[in-house]
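The values are calculated or read from the model by the stated rules, or taken from the named source; none is laboratory data. Quantities reported herein were computed from a predicted structural model and do not represent experimental measurements. Using ideal geometry, Cβ is built from the backbone for each residue, glycine included, and neighbour counts are taken over all protein chains shown.
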Amino acid sequence: MLLQARHVDFSYGSETIFDDFSFGVERGERVVLKGESGGGKTTLMRLLLGFETPDNGTLEFEGSPLEGSNLKEFRRKCAWLPQDLNIGTGTVDEVIQFPFTFKKSGNQSPDNEKIINILSDLGLDNDILQKDFADLSTGQRQRTGIALCILLDKPVLLLDEPTSALDEASKEKAADHIFSDQDRTILSTSHDPFWIDKCDRIIDLDSETKDAS
Amino acid sequence: MEIIQLSWVQLAIGFIILIIPGSILWWYNTGLNKKMVVATIRMTLQLLFVGYYLEYLFEYDNTWLNLAWIMVMVVVADFATIDRSDLKTSRSLVLPIFWATFLGIVLINVFFLELVIQLPKFLEAQYAIPITGMVLGNCLRSNVIGINDFYYNLKENNERYRFYLASGATRREALYPFFQRALQKSANPTLAAMATIGLVSLPGMMTGQILSGSSPLTAIQYQIMIMLAIFSGTILSVFLAILFCNRAVFFDNDMLDESIFKE
């Protein structure tokens, strides 16, 4: 298993999000998480990324607990599209370039042509690069975020509602880029039948947590 | 040129001027009159205390005593920094800010007092105490601005920091933009002051020197030096303060310990 949760309990204050929750994702698998909002889809990604700590149970990456150096290794191998798209400051170009300055991340700086092609596939003109990221619409921010996840070219992608602001044509193009690498592992959340259809497996968190309790 | 010695009566007459601001504040019902009285009394008593203390300090002019007084100033500045910031007074902040301010002051003092001015005696009170005080006062202000901005910006834009971590950044790399903004915010007031000094305002130290009989040229030489000391000291202490605090306020998973914030 590439990613695994074993008997995880997690609550926000008095609200239980996970009660004895277990799941696993194989390398190269494309998994989509389903469930009501507040059901833990986003929380699961945050737990995996080490932004939250489970009350009980363990999370693992490549068979070792997601903590210390293994957590850092996982972060180096993944790209994350969060729901809150407050992902940088300055111009769009600066926002896109910044993660490529991280020395130990293994992020390979993309050439300008590649950036422009991917932005164009996602329905963004290249003059957007000079705009201030803070001035973009939510949809434009999400497209920039997806473009960045594609450019980072990581073996694991964690994508929170990746298609919610895309039109049909951009969805196809985004999916082509994201699903092109057969070895890439994708864990996503989505309500979009188009996206769900592209994935190999659906995990319904509502039934998982109910089953567990 | 000898300075005119003020008698206590003359100084007391000086307080009469407070009738004017006091009346304006009272007329507009600002609620600041009591505060004005308390602040005036505090200012007078604190300065009287320091005045007598400095007389004693200057008379003995003992290096260890001077060093001890500098340490007292750093400790007071340390607690005042946290008190004026919107962060909780906790061990994880008090010690790092103390060391940052102390190291900043030591470096500036050694450089300016010993290498530039070349004092005949190490930490001579007449130079060491006022210069340390001026640099420290500015470090305090800059540290408050810098530290507040750094941690509140991080709290507000937590998702951005997390996004960087999730893109493979080390903690230091992910904090880079937050450092950048905190340094900009804390450097700006000093840079603005440097850009207008002499044109808009005559600084206190220079005024004091001229009043006590120094030539304006000597006064500006010292003023230029003190501005360099203040600017370098503030940037250094803000940088070190955030750097040292960061060693104490993050968990192993790189998440910020939010208990540092006041509710």
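Overview of values
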quantity	calculated
Positions within the stretch B:40-72 being aromatic (F, W, Y) and within 21 Å of the chain's Cα centre (by Cα), in sequence order	B:F49, B:Y53, B:W69
Residue within the stretch A:140-147 that is among the charged types (D, E, K, R), more than 16 Å from the chain's Cα centre (by Cα) and surrounded by 18 or more Cβ atoms within 10 Å (Cβ to Cβ) present	no
Helices (runs of 4 or more DSSP H) lying entirely in the stretch A:1-102 (those with 2 or more residues that are in contact (Cβ under 8 Å) with a residue 40 or more places away in the chain and either crowded, with 21+ Cβ neighbours inside 10 Å or more than 14 Å from the chain's Cα centre (by Cα) (or both))	A:41-48, A:92-97
Some residue of the stretch A:30-38 being more than 22 Å from A:D84 (Cα to Cα), away from chain B (no Cβ under 11 Å) and not polar (S, T, N, Q)	yes
Unique match (being assigned to a helix (DSSP H, G or I) and within 14 Å of another protein chain (Cβ to nearest Cβ)) among B:A229, B:A192, B:A182	B:A182
Checklist (1) surrounded by fewer than 17 Cβ atoms within 10 Å (Cβ to Cβ); (2) hydroxyl-bearing (S, T, Y); (3) touching a Lys or Arg at 6+ places or on another chain (Cβ under 7 Å) applied to A:S105, failing item	(1)
Subset tally (residues that are among the acidic types (D, E) and over 21 Å from A:I202 (Cβ atoms)) for the stretch A:7-58	4
Selection within the stretch A:105-115 - in contact (Cβ under 8 Å) with a residue 12 or more places away in the chain and out of contact with any Gly (no Cβ under 8 Å at 6 or more places or on another chain)	A:Q108, A:S109, A:P110, A:K114, A:I115
Set B:V75, B:V37: member being within 27 Å of the chain's Cα centre (by Cα) and more than 29 Å from B:N143 (Cβ to Cβ)	B:V37
Counted residues, the stretch B:159-173 - those being facing another protein chain (nearest Cβ under 8 Å), buried (at least 19 other Cβ atoms within 10 Å of the Cβ) and part of a helix (DSSP H, G or I)	7
Residues of the stretch A:77-87 classified as in contact with a strand residue (DSSP E or B) (Cβ under 8 Å, 6 or more places away or on another chain) and more than 7 Å from chain B (Cβ to nearest Cβ), total	3
Filter result for the condition that a residue is more than 13 Å from chain B (Cβ to nearest Cβ), surrounded by 14 or more Cβ atoms within 10 Å (Cβ to Cβ) and among the charged types (D, E, K, R), over A:D121, A:D135, A:D111, A:D125	A:D121
Near pairs, Cβ below 6 angstrom, 6+ apart or cross-chain, from the stretch B:1-28 (exposed (fewer than 10 other Cβ atoms within 10 Å of the Cβ)) to any residue that is of a type in the set (G, A, S) and at pLDDT below 95	B:M1/B:G213
Hits in the stretch A:125-138 (condition: under 29 Å from A:S37 (Cα atoms) and out of contact with any Asp or Glu (no Cβ under 9 Å at 6 or more places or on another chain))	A:A134, A:D135, A:L136, A:S137, A:T138
Hits in the stretch A:148-164 (condition: more than 12 Å from chain B (Cβ to nearest Cβ), under 12 Å from A:L85 (Cβ atoms) and buried (at least 18 other Cβ atoms within 10 Å of the Cβ))	A:E161, A:P162
Residue list for the stretch A:128-175, filter: of a type in the set (D, E, K, R) and more than 19 Å from A:F194 (Cα to Cα)	A:K131, A:D132, A:D135, A:R141, A:D153, A:K154
Sole residue being among the basic types (K, R) and modelled with pLDDT of 95 or more, chosen from A:K103, A:K114, A:K131	A:K131
Residue ID - farthest from A:I116 (Cα to Cα), chosen from residues in the stretch A:88-104 that are touching a strand residue (DSSP E or B) at 6+ places or on another chain (Cβ under 9 Å) and facing chain B (nearest Cβ under 7 Å)	A:T89
Residues that are surrounded by 14 or more Cβ atoms within 10 Å (Cβ to Cβ), hydroxyl-bearing (S, T, Y) and farther than 25 Å from A:T43 by Cβ, drawn from the stretch A:167-206	A:S170
Matching helices (runs of 4 or more DSSP H) fully within the stretch B:1-103 where at least 2 residues are under 23 Å from B:E124 (Cα atoms)	B:33-60, B:63-84
